[in-house]
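Participant: Supplied in C-alpha cells, the structure appears directly below.
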Amino acid sequence: MVAIHEDTQDQTGYGPWRPMETAPKDGTEILCFTKYGDYEISHWRAVTQCWVSKRGFFVEASCWCPLPEPPVHARAQTAAS
C-alpha cells in the first residue's frame, strides 16, 4: 500500500483526492481513503445507500480518487478471458 500512498500524493498520478460528495454513485470502482487511515477499492451500493469495499465491508471514506488504468498486459488478459 505504500506505493499507492506515494502515487496518490503525486497530483499527476491518480489524484487529486476529491470529496466523497463528488464520487460516482453508478457502481464505478474507486479508491477510497477511509477515516481509519487505510485504503479500500469501493463502489456505491444503491440498495443499502452506502460505500462497499471489494471485500464486502461497509466503507466510511473521507475522500476518493479514480483508479488508475490497469497495465496493458492485464487488459489484454482480461479481454482474452
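The numbers here are math on the coordinates, done by the rules we state, and not lab data. What you are looking at is a predicted structure, and each value in this text was computed from that prediction instead of being measured. Cβ coordinates were reconstructed from backbone atoms using ideal geometry, including for glycine residues, and neighbour counts include every protein chain displayed.
Participant: Among 40, 69, which comes first, second and so on when ranked by fewest other beta-carbon atoms within 10 Å?
Facilitator: Ranked by crowding around the Cβ, least crowded first: 69, 40.
Participant: Taking the number of other C-beta atoms within 10 Å as the exposure measure, put 30, 41 in order starting with the fewest.
Facilitator: Result, fewest neighbours first: 41, 30.
Participant: OK, next. Using label points projected 7 Å from each Cα along Cα→Cβ, tell me how many nm separate residue 79 and residue 54, to one decimal.
Facilitator: A separation of 2.1 nm, rounded to one decimal place.
Participant: For residue 25, what is the net charge nearby, where nearby means another residue's Cβ is under 14 Å from its Cβ and Lys, Arg count +1, Asp, Glu -1?
Facilitator: Around residue 25, the surrounding residues sum to -1.
Participant: Right, next: In which sequence would 62, 53 go, from the one with the fewest C-beta neighbours within 10 Å to the one with the most?
Facilitator: Least crowded to most crowded, the residues run 62, 53.
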